[in-house]
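Report on the structure given below.
All of the numbers you see were taken from the coordinates with simple rules; none came from a lab. Everything numeric here is computed off the predicted structure, so don't read it as measured data. Methodologically, a virtual Cβ is constructed for each residue, glycine included, from the backbone with ideal geometry; neighbour enumeration extends over all protein chains shown.
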Amino acid sequence: MEFRFTEEQEMMRQMVREFAAAEIAPFVERMEQGEFPRPILAKMAELGLMGITVPEQYGGAGMDFVSYIIAIHEISKVSPTVGVILSVHTSVGTNPILYFGTEEQKQKYVTKLARGEYLGAFCLTEPSAGSDAKSLKTKAVRRGDRYVLNGSKIFITNGGEADTYIVFARTNPEEAGSRGISAFIVEKGTPGMSIGKDEKKMGLHGSRTVTITFEDAEVPAENLLGQEGEGFKIAMANLDVGRIGIAAQALGIAEAAVEHAVAYAKERVQFGKPIIEQQGVAFKLADMATAAEAAKWLVYRAAWLRAQGLPCGKEASMAKLFASQTAMDNAIEAVQIFGGNGYTKDYPVERLFRDAKITQIYEGTSEIQRIVISKHLCQAC
Ligand code: CAA
């Protein structure tokens, strides 16, 4: 067993760490005020971070999956907002085209997405189809060389900012379940596609989350992704991998909570000594650091499996389940250690606390991760 990054992965870690400290950290307050981090994404594109795992022939950096996870992890320690923008852009915004697209679709879209000229988004969730994704109602009817889309999607991360949207719609009304669903690449500005309200969220203030409505939106037939009826499997297969990205985002939050809490506890003196020397606080920190370490190995083990091309659905769900719980627990404890200061916006743990919660909800709630894990356990018996 090898519990070490390769030289290339270590270089990635160092580069992203420096970038996050120098460029993202000074931008955090602007994101907190609701600004979408366009200038940051432009710099990330220059560094090749918008297409880390995309092969060079399609404009990417051609690096391994572990390197991608390192980038999400390190970025999220400083800004979970930038972490989720990158994760959604890559794993569910770009990869469906890379893995299921035709050569023409890859040339047309993946190259631009990988170079950061385009931003990607993923439209699965609907008002009455959240966890129960296969009950989605958006329809796509073939008319000649086009599909006409009608329906609405909610909670679309990167919505309104993205240039391409992977949209899931029902092409076969006779087929109520997952087999009647197809996937489409829909370009920004498609007539009939409208961007609705921005959600006012608890956290991740710099990331955009919107409703998208399709009213007789015409999509060229060549933008069908995969075959008709394959859409649900495309969604699930990409979520399997996407969940490792969200797990890495949660890991970043969990570790950041430990780092901030340790630094504060060393400085803060009460009853004549730093609070880190007081057992009540020291034990909290020990538990937080231990949980973050455990989350780290679940996340990197899932990423390693993915990098080897091995099945990783169960491990991805376990990593997301545990890392998101750890992010939340550690953020709560960090606020507690900061005391009254932790409840103010003057210290970063208040933001981590708000940012952590969503990691237990999007890309499949913790309850959905338990369903996925338990289904794998059933298959194994
Ligand atoms: N890979 C490939 N195919 C899969 C699969 C996978 N991981 N999981 C299921 N399938 C296939 C099944 O084989 C089955 O195929 P057949 O009909 O041919 O047999 C089909 O899909 C239906 O499978 P199930 O009956 O198991 O489906 P289900 O209704 O029980 O749902 C679920 C499974 C795991 C609960 C799924 O609905 C799910 O993941 N729900 C959560 C949705 C979700 O994660 N949404 C996230 C939105 S994106 C987002 O959040 C991005 C963001 O903003 C950050």
Report summary line: Within the under-9-Å Cβ sphere about Asp287, not counting Asp287, Lys/Arg +1 and Asp/Glu -1 give a net charge of -1
Report summary line: Here the convex hull volume per residue of region 5-118, taken over Cα atoms and given in Å³, is 86 Å³
Report task. State, to one decimal in nm, how far the label point of Arg13 lies from the label point of Ser128, with both points 7 Å from Cα in the Cβ direction. Result -> 4.9 nm
Query - Rg over Rh, two decimals, region 119-228 (C-alpha only, Kirkwood Rh) - result: 0.96
**Report entry** GNM flexibility winner over the chain from Arg351, Arg30, Arg243 (Cα, springs under 10 Å)
**Finding:** Arg30
Requested in this report: Give, in nm to one decimal, the length gained when the segment between Phe3 and Cys378 is fully stretched (0.36 nm per residue of separation minus the Cα-Cα distance).
Outcome: 132.0 nm
Report task. Would you mind getting me the FRET efficiency between Arg30 and Arg142? Use the beta-carbon distance for r and R0 = 45 Å, nearest 0.05. Result -> 0.50
Query raised in the report: GluC sites (Glu not before Pro), restricted to region 165-271: which are DSSP loop and have at most 14 other Cβ atoms within 10 Å?
Result: Glu174, Glu175
Query raised in the report: Counting Lys +1, Arg +1, Asp -1, Glu -1, what net charge surrounds Val28 among other residues with beta carbon under 12 Å of its beta carbon?
Result: -1
Query raised in the report: Within the chain, what's the longest stretch lacking chymotrypsin sites (Phe, Trp or Tyr not before Pro) that sit in DSSP loops with no more than 12 other Cβ atoms inside 10 Å?
Result: 4-270
Query raised in the report: What is the spread of the Cα atoms of region 230-377 along each of their three principal axes, largest first, in whole Å?
Result: 64, 26, 23
**Report entry** P(r) histogram, all alpha-carbon pairs of the chain included - 20 Å bins from 0, percent
**Finding:** 29, 57, 13, 1
Report summary line: So the FRET efficiency between Ala237 and Gln270, C-beta based with R0 = 56 Å and rounded to 0.05, is 0.60
Report task. With both partners inside region 126-247, how many of the DSSP beta bridges are antiparallel, as a percent to the nearest 5? Result -> 95 percent
Query raised in the report: Which number gives the lysine pairs in region 119-228 that have C-alpha atoms under 23 Å apart and are eight or more places apart or on different chains?
Result: 13
Query raised in the report: Residues with beta-carbon under 11 Å from that of Asn223, excluding Asn223: net charge, scoring Lys, Arg +1 and Asp, Glu -1?
Result: -3
Report summary line: In degrees, nearest 10, the alpha-carbon axis of helix 7-19 is tilted away from the dominant principal axis of the alpha carbons of the chain by 80 degrees
Query raised in the report: Could you give the semi-axes, largest first, of the ellipsoid that matches region 270-355, computed as the square roots of 5 times the alpha carbon gyration tensor eigenvalues and rounded to whole Å?
Result: 32, 15, 8
Report task. Figure the gain on full extension for Glu56 and Lys345 (residue separation times 0.36 nm, minus the Cα-Cα span) and round it to one decimal in nm. Result -> 99.8 nm
Query raised in the report: For q = 0.11, 0.14, 0.16 Å⁻¹, what log10 I(q)/I(0) does region 202-297 give under the Debye formula with an equal point scatterer on each alpha carbon and no solvent?
Result: -0.61, -0.77, -0.89
Report summary line: Exposure proxy check on Asp287, Asp240: fewest-to-most Cβ neighbours within 10 Å is Asp287, Asp240
**Report entry** Residues in region 20-56 that a label on Lys200 would reach, taking backbone N under 15 Å of a point 7 Å out along Cα→Cβ
**Finding:** 33-34
Report summary line: Expected max-MSF residue from Gly242, Gly203, Gly51 in the GNM of the chain (alpha carbon, under 10 Å) is Gly203
